[in-house]
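Here it is: the structure, laid out below.
Just so it is clear, none of the values below were taken in a lab; they were calculated from the coordinates. Note that this is a predicted model, so its numbers are computed, not measured. Positions of Cβ are backbone-derived with ideal geometry, glycine not excepted, and every protein chain shown enters the neighbour counts.
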Amino acid sequence: MKISCLQENLARGLSTVGRAVAARSTLPVLSNILFETDEGRLRLAATNLEIGISSWIGARVEEEGRITVPARLLTEFVNSLPPAPIDIELAERTQTLNLKCARYEANIKGIDASEFPEVPTAETIGGRNNLHLEADNFRQMIEQAVFAAATDESRPILTGVLAKFHQGGLTLAAADGFRLAVTSADVGVDLDESAKVIIPARALSELARISDGEEDDIELIITPNRNQILFHLGNTDVVSQLIDGNFPDYNQIVPKAHSTRTILGTQDLLKAVKVAFLFARDAANIIRFNIVPGSELSPGQLVITGTSAEYGDNVSEIDASIEGEGIEIAFNARYMIDALTVVGTNEVALETSTASSPGVIRPVGGTDFLCVIMPMHITR
């Protein structure tokens with residue numbers, strides 16, 4: 001292998017694929033990044049056997065070749081170089097990669113590329129029903145769903161996001177046992193039949209990060225045997241194993257009715273919840289919502305309280321438009337912050353029934369999104 005590329009392009013490519021490098025693995029090669037020439041370009045790839053990311057960068061290729069190199073050392077070295085061309089040459093006998101840039105030079109020992117697991121690409125995965133999704137739309141949907149997925153591996157199905165494709169539209173749903181997020185949109189999908197898959201939340205988070213600023217559509221490919229999904233962006237492919245199993249019927253979790261509907265400014269509510277959280281984080285994140293309907297002379301109010309037995313307490317008041325009766329209910333402040341951060345509208349509605357029933361957050365006049373949050377037990 002003998003190639004030349006720009007430092008900024010190589011640094012950007014390494015940053016893109018680096019998140020798929022295995023943090024801890026019994027296979028040393030999974031801590032490496034694959035370097036290989038591919039039709040006049042340089043392909044970088046990394047995988048932890050669950051997620052794989054490939055990225056192509058422009059390069060002047062004099063000799064073809066492939067090698068895997070320790071990800072952390074290579075990335076830190078390239079990031080330390082000045083913005084200038086890098087000449088890269090592989091000594092095949094010793095499996096050592098030589099890099100020269102300006103007045104810097106390094107020799108990095110690698111592992112033969114034959115030991116690196118295959119990372120499928122859009123060209124090799126061979127799927128059907130290829131879909132094209134509007135990047136901005138899809139990224140917003142990902143942000144409105146992934147936060148509610150479980151991080152605990154004890155129920156693997158809940159670490160994923162249910163994706164339901166139907167004529168013209170897409171619905172994403174995620175739940176961790178304490179909250180549920182559902183978002184739907186018309187993303188231009190043209191499907192003859194509906195399809196359902198469970199995508200690991202981490203894969204979608206990486207896709208949202210990589211696609212930030214992407215203007216072209218994201219191509220989505222599901223393998224014929226339904227065990228892998230691949231997202232193709234301009235010069236990057238993200239491939240992930242799908243989660244096998246049945247996702248819970250989330251429609252049973254969403255309350256069918258409410259006795260109180262409180263409409264507030266999204267940023268006002270988010271700010272008050274964040275302030276209450278400063279005190280509540282030492283008390284299981286519990287914050288109290290006291291919803292007080294207005295009268296002919298005064299507007300309705302939401303009073304938010306955060307209390308710490310050790311440090312003190314905080315009370316915030318927000319004017320609100322309230323339909324229904326007054327109620328006092330407690331929520332986990334973190335869950336409330338996560339939901340309010342991705343609502344995407346100036347106003348938000350909070351629907352409640354009783355102190356022991358779930359609350360529902362919905363945007364007012366915006367996207368088709370809802371978040372169901374289980375209440376916390378209040379000790380008197």
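Give the relative contact order (percent, whole number) for the chain; include only Cα pairs under 8 Å separated by 6+ residues.
About 13 percent, as a whole number.
At what distance in angstrom do the alpha carbon centres of the stretch 30-47 and the stretch 308-380 lie from each other?
47 Å
Mind putting together the pair-distance distribution for the stretch 254-373? All Cα pairs, 5 Å bins, whole percent per bin, short to long.
2, 12, 23, 25, 21, 11, 4, 1, 0
Only four residue types carry charge here, +1 at the Cβ of Lys and Arg and -1 at the Cβ of Asp and Glu. Report the dipole size of the stretch 254-373 about the Cα centre in Debye, rounded to the nearest 20.
340 debye
Something else now. Taking semi-axes √(5λ) of the Cα gyration tensor in Å as the quantity of interest, determine which of (1) 44, 23, 19; (2) 34, 30, 21; (3) 47, 24, 18 was computed from the displayed structure.
(3)
Kindly put His377, His258 in sequence by how many other C-beta atoms sit within 10 Å of each C-beta, fewest to most.
His377, His258
Full extension from Val303 to Asp87: what is 0.36 nm times the residue separation minus their Cα-Cα distance, to one decimal in nm?
Roughly 71.5 nm would be gained on extension.
Mind putting a number on the dipole of the chain about its Cα centre? Charges go on the C-beta only, +1 for Lys and Arg and -1 for Asp and Glu, and I need it in Debye to the nearest 20.
In total the dipole reaches around 960 debye.
On a 0 to 90° scale, report how tilted helix 7-18 is relative to the longest principal axis of the chain, with both axes built from alpha carbons and the result rounded to the nearest 10.
Long axis of 7-18 versus the principal axis of the chain: about 60 degrees.
Which longest run of the chain has no exposed loop site in it, a site being GluC sites (Glu not before Pro) in a DSSP loop with at most 14 other beta carbons within 10 Å, and the site itself not part of the run?
Numbers: sites that count: Glu39, Glu50, Glu64, Glu92, Glu118, Glu123, Glu153, Glu193, Glu215, Glu296, Glu310, Glu325.
The longest such stretch corresponds to 216-295.
Now for a different question. What dipole magnitude, in Debye to the nearest 20, does the stretch 2-115 give about its Cα centre under +1 on Lys/Arg Cβ and -1 on Asp/Glu Cβ? Mind dumping the intermediate values first?
Values: 13 positive and 15 negative charges, 74 e Å.
It comes to approximately 360 debye.
Quick check: the angle from helix 266-280's long axis to the longest principal axis of the chain, C-alpha only, nearest 10 degrees?
Taking Cα atoms only, the helix is inclined about 90 degrees.
Placing +1 on the Cβ of each Lys and Arg and -1 on the Cβ of each Asp and Glu in the chain, which of Thr352, His232, Leu220 has its Cα farthest towards the positive end of the resulting dipole?
Projecting each Cα onto the dipole axis, the largest value belongs to Thr352.
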